[in-house]
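Taking it in order: structure first as structure tokens, then the write-up.
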Amino acid sequence: MCSSDLCLVLTTAAITGNIVGYQVGKSLGPKLFTTKSRLFKLEYVTRTEAFFERYGNRAIVFARFVPVVRSVITALAGVGHMDRVRYLKFTTIGGVIWGTGVTITGFFLGSVQFIHDNLEVALVIIVIVSWIPLLLEGYRIKRDSARSEEHTSELQSHLNLVCRLLLEKK
């Protein structure tokens, strides 16, 4: 398989996987989030909707590069009723960057002798670097929340929701 075919397959798979995750969240979310549930409270849906209205574009693109987060954010976008066209636009942008950009970057970095000789170190660095956009965004939100306490409670509630979903998976 030539590299252009590989990039096309990976990009298509990345986009398709996110679309499926979105649809699962959109379909199952209303059934899970009820007023009677202790874990899946209806108020979480409202908070998730507000989160995606405010940060959805960046969150969908950046989540591709953050391990674990990329697994749950697609379903949360569906649960949070993120506009489907807007979601498709930004998941496509993220999918192209992820499927094609990362593949091409990996191809060229593989020929760098230091990375070839120190693959484990390179992988740890990649994981650390992948968290930088999330940390910067968190810092920006925290900085701005000093002006408004509303942002802090909004971010905390979304982080709590993500943590609960991740812990439930285990």
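A few points about this structure:
- Percent accessible area from carbon and sulfur atoms, segment 1-110, protein chains only, probe 1.4 Å: 69 percent
- A straight chain from TYR55 to ARG84 at 0.36 nm per residue would run longer than the Cα-Cα distance by 8.9 nm.
- Label separation (LEU109 vs LEU6): 1.5 nm, computed from points 7 Å beyond Cα along the C-beta direction.
The values are calculated or read from the model by the stated rules, or taken from the named source; none is laboratory data. Because the structure is a prediction, the values reported are computed rather than measured. Positions of Cβ are backbone-derived with ideal geometry, glycine not excepted, and every protein chain shown enters the neighbour counts. Note: areas computed on protein heavy atoms with side chains; ligands, DNA, RNA excluded. Shrake-Rupley method; radii C 1.70, N 1.55, O 1.52, S 1.80 Å.
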